[in-house]
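Values quoted throughout were computed directly from the atomic coordinates according to the rules given, and no laboratory measurement underlies them. Note that the structure is a prediction, hence the values are computed from the model and not measured. Please note: Cβ atoms are built from the backbone with ideal geometry, for glycine as well, and neighbour counts cover all protein chains shown.
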Amino acid sequence: MWAIAAADFGAELELVEVPEPVAGPNELKVRLFAASVNPFDRKVVNGMLRSSAPHQFPLVPGTDGAGEVAGSGERIFGTFFHRPVGGGTYAEYVTVPAGNALAPLPDDMDPAVAAALPTAGMTALQLVESLGAAESVLIVGASGGVGSFAVQIARAAGKRVIPIGRGDTLVEADALIDLVSADRSSFEANARYAPLAFNTNYVSADQAQNFGMKGSRETLVRLASMVQAGDLEVPIARRVPLREAADVFAGHGPGKTVIIM
Ligand SMILES: NC(=O)c1ccc[n+]([C@@H]2O[C@H](COP(=O)([O-])OP(=O)(O)OC[C@H]3O[C@@H](n4cnc5c(N)ncnc54)[C@H](OP(=O)(O)O)[C@@H]3O)[C@@H](O)[C@H]2O)c1
């Protein structure tokens, strides 16, 4: 099968031909229709998990996807991250433990839309729910994957959203979602603007401020329902065919990059 992979930690992505994966016990083999690109994928290629998980090479990145289960034809979408790391969704086929966060792919949903939802959508939904009764929220990095979902979900929850892009000045608010700070001091500087603050890069000394998404079938089903009801728009900045996807870490406009198989 064709896949986009890195030969080693830190290597450039390239189009490669690799054997189709074989499903083990309690695993599904899925023919992917689409996969979406998350910053986590680039971090994995750069070795973020090298000391904490076994890896396989060539390392195929990719956590999010939508496809059909080989054999049954059941259409699903969700998070396909599993160990060893490197059998990811930037590929025609992937295997995944049946217990992963996976949900039915609605018949009338564009697989690219479903593939764009899991990591960014679940993170945004759970972040907004962590804000409780906060009436106003600063969202730093509002134009990205998580941010563009969080802005919509927070507004739908009745909150006053202050989206922060590059160069924007922060103002005081009830809560802060910081999707950008990569070090403690940057986050602490932003966190001074709100009594309730979260970051997604685990940079705070206060663990309560370090937000980690918890994937679940239930959250995926809720997100799909919101999309179907017209309550959540999925911003796809770029759709790229798998065979041309070696540059997907180069960046994109606002929203998500989706690889189409
Ligand atoms: N902990 C978790 O469970 C979890 C879950 C999901 C994501 N994350 C992390 O959360 C972060 C955001 O994820 P994402 O999917 O939203 O990434 P993304 O799609 O790359 O979006 C990041 C956004 O931040 C913007 N940005 C960069 N620097 C900025 C600055 N100085 N001021 C304002 N905006 C700035 C970027 O704009 P440009 O396009 O102009 O650069 C981009 O729109 C990543 O680090 C990711 O790994 C963590």
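Placing dummy labels 7 Å off each Cα toward the beta-carbon, the span from residue 225 to residue 22 is 4.1 nm. A straight Cα-to-Cα reach below 30 Å connects residue 29 with the lysines 43, 214, 256, residues fewer than 8 places away in its own chain not being considered.
With the simple spin-label model, which puts each label point 7 Å out from Cα in the Cβ direction, the residue 107 to residue 216 separation comes to 2.9 nm. Subtracting the Cα-Cα distance of residue 46 and residue 243 from 0.36 nm times their residue separation leaves 68.8 nm of extension gain. Computed from Cα positions, the angle between helix 145-156 and the longest principal axis of the chain comes to roughly 50 degrees. Taking the charge dipole of the stretch 1-101 about its Cα centre, with +1 at Lys and Arg Cβ atoms and -1 at Asp and Glu Cβ atoms, the residue from 15, 49, 86 reaching farthest to the positive side is 49. Semi-axis lengths, largest first, of the ellipsoid equivalent to the stretch 106-159 are 23, 12, 9 Å, with √(5λ) applied to each eigenvalue of the Cα gyration tensor.
Counting other Cβ atoms within 10 Å as a rough exposure proxy, the listed residues 93, 193 run 193, 93 from fewest neighbours to most.
Note on the chain: helix-only mean residue ellipticity at 222 nm, from DSSP H runs of 4+ residues weighted -39500 (n - 2.57) and normalised by residue number, equals -6500 deg cm²/dmol. Around the Cα centre of the chain, unit charges on the Cβ atoms of Lys, Arg, Asp and Glu (plus for the first two, minus for the last two) sum to a dipole of about 240 debye. The distance from the alpha carbon centre of the stretch 143-198 to that of the stretch 213-261 is 21 Å, rounded to a whole number. Computed about its Cα centre, the charge dipole of the stretch 120-209 is approximately 200 debye, with only Lys, Arg, Asp and Glu carrying charge at their Cβ.
Note on residue 189 and residue 56: their simple-model spin labels are 4.3 nm apart, each label 7 Å out from Cα toward Cβ. A dipole drawn for the stretch 120-209 from +1 and -1 charges on Cβ atoms has a positive end, and of 171, 161, 187 the residue lying farthest that way is 161. P(r) for the stretch 107-261, from all Cα pairs and a bin width of 5 Å, is 2, 9, 19, 21, 20, 14, 9, 4, 1, 0 %, short bins first. All C-alpha to C-alpha distances of the stretch 1-155, sorted into 5 Å bins beginning at zero, yield P(r) values of 2, 10, 18, 19, 18, 15, 10, 5, 2, 1, 0 percent in whole numbers. The length gained on full extension between residue 155 and residue 250, counted as 0.36 nm times the residue separation minus their Cα-Cα distance, comes to 31.2 nm. On the principal axes of its alpha carbon atoms, the chain extends 53, 39, 32 Å, with the longest extent given first.
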